Each structure stands twice: as C-alpha cells, then as structure tokens.
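> Take this structure first; my questions come after.
Every number in this text was worked out from the coordinates using simple rules, so none of it is lab data. Note that the structure is predicted; figures quoted are calculated from it, not measured. Note: ideal-geometry Cβ built from the backbone for every residue, glycine included; neighbour counts use all protein chains shown.
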Amino acid sequence: MKSFLSLTAFLILMSTGSCKKDANNGVPITPVDIYLYTNNPSFINLNGVGGWVYITGGVRGILVYRKSPSEFMAYDRNCTYQSSDPCATVFVDATNILATDTCCHSKFSMYDGSVTQAPAGLPLKAYNTTFDGNVLHIYN
C-alpha cells in the first residue's frame, strides 16, 4: 500500500509540475515556420548585433533580436502576465535592450527573454531559430 501511495503522489507531482511548461507561459500555442532573408532591405536592422525587428507571426507578432553574429532570438510579443488581455503586447523600449508591456509594465530582456521587472513571473515565449549566414529560420 505504501508504494502505491508513493507512486500516486509521484504521478500527481509530475502532472502538476508540468502544467507551466505545457501552458507555454500562458501564451497560446500557434504554428510558426518563417524564413527571413537577412539581406532583404526590410531586415537591415538585423545586420548588426543588438539589432531587432518586429515581424508578423505567432500570437501577437514576433520580436526578432540579433544576439551575436551567428545567433538570433525570436520571442512572441504576447506578454506572459495576463496573456489573454488584449493589451498584453510587448514593445522594444528606448534602451533597445528591453521589451516592455505598456499595460502591466512588465519588462523583459531581449537577450534571453527573462523577466527584468514584475508583475510577469515567466519569460517571453521563445521560438527556435537557425541561421545559415543568409537565411534565418524561426519555428516551433
């Protein structure tokens, strides 16, 4: 009987512990499969480290940030705090290193998507990226 209770407790713990991960930080899951040609004049801001652009896709748009010469980050612009609120959208602020939700005032690092100012407690939803030197692929 004791091992059955331990197994039951373990299964309950595992199922509740994975809720956050499955919930994608409260941001709805939407298919993303985008190719950007970085030599396109529309994406000139991505040619330098620290550059960024907004693109269409994801739930509320995607913020693409060039982290290094060979690495990009792509985040859904849907804030993770009260993500269903129509106003929960992040914008790059004047520092060009933080994304801010102008409604709840949460702030996120563009370098890694982490929360730098509450009330948000979860990082921005990040999409996978690959870069071959010319084409940036953003996907989930």
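> Within the range 96-120, which residues have the backbone N less than 17 Å from the label spot 7 Å out from Tyr54 along Cα→beta-carbon, could you tell me?
Hits in the range 96-120 for Tyr54 at 17 Å: 96-108, 110.
> From zero outward in steps of 5 Å, how is the percent of C-alpha pairs of the range 26-139 spread across the bins?
Values per bin, smallest distances first: 2, 13, 25, 25, 19, 11, 5, 1.
> Within the set of other residues whose C-beta is less than 10 Å from the C-beta of Asp76, count the net charge using Lys and Arg as +1 and Asp and Glu as -1.
On the way: positive: Arg60, Arg77, Lys125; negative: none.
Summing Lys/Arg as +1 and Asp/Glu as -1 gives +3.
> Counting other C-beta atoms within 10 Å, and keeping those with at most 14, which DSSP coil chymotrypsin sites (Phe, Trp or Tyr not before Pro) do you find in the range 33-140?
Sites meeting the loop and neighbour criteria: Tyr111.
> Points 7 angstrom from Cα along the Cβ direction at Ser84 and Asn47: gap in nanometres?
Calculated label separation equals 4.5 nm.
> Using a Förster distance of 41 angstrom, determine the FRET efficiency expected from the C-beta separation of Val32 and Thr95, and round it to 0.05.
That gives a FRET efficiency of 0.95.
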